[in-house]
Structures are given as C-alpha cells and as structure tokens.
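Every number here is computed from the coordinates shown, using simple stated rules; none is lab data. For clarity, every value in this text was computed on a predicted model and none was experimentally measured. For neighbour counting, all protein chains shown are included, and Cβ atoms are generated from backbone atoms with ideal geometry for every residue, glycine included.
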C-alpha cells in the first residue's frame, strides 16, 4: 500500500505518525499535513488541524478544523469548523460551522451554522443558521433561521423565519416557531416572514443593466453584490 504524507512540502517523519496496515489506520497529532491515500480505500484518519486529504472510498476522518477533503464516496467525517469537502455520495458529516460541502447524493449532514452545501439528491441536513443549500431532489432539512434553499422536487424543510426558498414541485415548509405547514409555490422564490410571524412574501427577481443588456440576478448574487458595494 503506497501513500504519501508531507508537512510544509517535506515528507513527514515516520516518528510523528503511526500506520497500521492491517486496520488501515493512520494516526498523528500533527497539523498542516498533505495526505495522499488516493490508491487506498477504507482508511481511518486521526489528525490535527489544517490538513488536506486525497483519498479513496469508505474512509473515516476525525480531525481538527480548517481541513480540506477530496474523497470518494461513503466516507464518515467528524471535524472542527472551516473545512471544505469535495466527495462522492453516501457520506456522513458531523462538523462545526463555516464549512463548505460539494458532494454526491444520499449524504447526511449534522453541522453548525454558516455552511454552504452543493449536493446531489436524497440528502438529510441538520444544521445551524445562515446556511446556503443548492441540492437535488427528495432532501430533508432541519435548520435554524436565515437559510437559503435552491432545490429539486419533493423536499421537506423544518426551519425558522427569514429563510428563502426556490424549489421545484411538491416542497413544503414546517416551521418550528409557528404552527402550520406551508406549501412552496412551484417555480417561485419566497421568503418566510420573521421569527414567530406566519406567512411568506414572494421575492421578485433582481435585474441590473450592463452595456444596455438586462441581467437577472439570483437572490444570493444580489446580496453578494449589495454587500460588496457597501
């Protein structure tokens, strides 16, 4: 089994980690590593913070914060915050906040707030606040307030107020701060009213004109542009 582990561009001393080829377990307390295990599936990693992983499938990660993962599918992650994930499908994530996920379908997320998700379908999310989701179909979301969702069909949301939704058909919102179920209109963007206030308002598309050409902005792009202009 071949792999490489470097730190600041130099091979990590074997005295600073353990590798058990029988159990495929890599352990170290070191931070800021670059680990290439792309030819090995089913590895278990226990590392410090600030590490970058390139792996095969069916891996398990227990790390600190600020890590980057580029893996195959069916991996399990338990990490700190400020991590970036680019994975296949069938993964399970338990993380702190401020993480970015780009995954396949059939994943499960249990995260803190301020995360960004771009996934396939059939995912389950249990997150904090101020998250952004761009997903496929048949997903289930349980979140705090101030989240933005752009999804396929057949999704269920359990959220607080101030959330924004753009969905295909058969999506519903169950709010935890007010009673009742809200059906999300097909092909429209809506924003829930504030904490404890029933109902929603339709979000009209934002347009700008550049060189005489009218350009329609998504709500996310509009907010980013507005923020950048102070």
Revision key, fill the gap. If the chain between residue 22 and residue 118 were fully extended at 0.36 nm per residue, the gain over the current Cα-Cα distance would be 31.1 nm
Point to revise | Computed [θ] at 222 nm, deg cm²/dmol, the chain (DSSP H ≥ 4; -39,500 (n - 2.57); rounded to nearest 500) | key: -1500 deg cm²/dmol
Check your understanding: Antiparallel DSSP bridges in segment 110-230: what percent, to the nearest 5?
Key -> 40
Study note, to complete from the structure: GNM on the chain, Cα springs under 10 Å; top mean-square fluctuation among 119, 127, 44 goes to 44
Exercise for review: Give me the distance in nm between label points sitting 7 Å out from Cα along the Cα-to-Cβ direction at residue 206 and residue 39, one decimal.
Suggested key: 5.0
Review point. Under the definition of Cα pairs under 8 Å and six or more residues apart, what whole-number percent is the relative contact order of the chain?
Key: 7
Check your understanding: Quick one, which of (1) 30; (2) 38; (3) 26 is the actual percent of Cα pairs over 29 Å apart calculated for this model?
Key -> (2)
Revision key, fill the gap. Taking 0.36 nm per residue of separation between residue 156 and residue 78 and subtracting their Cα-Cα distance, the length gained on full extension comes to 25.6 nm
Check your understanding: Under a point spin-label approximation (7 Å from Cα along Cα-to-Cβ), what is the residue 70-residue 170 distance to one decimal in nm?
Key -> 3.8
**Study point:** Cβ-based exposure ranking for 58, 200, in which fewest neighbours within 10 Å come first
**Key:** 58, 200
**Study point:** Virtual spin-label span in nm between residue 226 and residue 62, 7 Å along Cα→Cβ
**Key:** 4.4
Practice item. Measure nothing fancy, just the Cα-based angle from helix 219-228's long axis to the longest principal axis of the chain, in degrees from 0 to 90, nearest 10. Key: 80
Study note, to complete from the structure: Relative contact order as a percentage, segment 153-230, C-alpha pairs under 8 Å and 6+ apart, gives 21
